[in-house]
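The values are calculated or read from the model by the stated rules, or taken from the named source; none is laboratory data. Since this is a predicted model, take the numbers as computed values, not measurements. Positions of Cβ are generated from backbone atoms using ideal geometry, with glycine treated the same way; all protein chains shown enter the neighbour counts.
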């Protein structure tokens, strides 16, 4: 049985996760105003730590590409801005 989704942005089961690859992931912040690019810390309490905060898809793609080999379709499919995803 899967553990329930969690509302804490540092949780491995955060309900706002958009995409994950290895030790990196992108989430929508709990207030829905920005995407957060995170890296998972190693160790027993493997929590997620923010590496950057983005409100535009362009900035998020640049940040993702700086840490990963390829851009993923899940991020390319995001709206141009977080704000546009909330209003339409």
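For region 75-88, the set of residues classified as loosely packed, with under 14 Cβ neighbours inside 10 Å and in contact with a helix residue (DSSP H, G or I) (Cβ under 6 Å, 6 or more places away or on another chain) consists of 79, 80, listed by residue number.
Conditions: (1) surrounded by 15 or more Cβ atoms within 10 Å (Cβ to Cβ); (2) at pLDDT 95 or above. Residue 72 meets all but one. Number of the miss? Failed condition: (2).
Being surrounded by fewer than 12 Cβ atoms within 10 Å (Cβ to Cβ) and closer than 14 Å to residue 74 by Cα is the filter here, so list the residues in region 21-58 that pass it. Correct list: 58 only.
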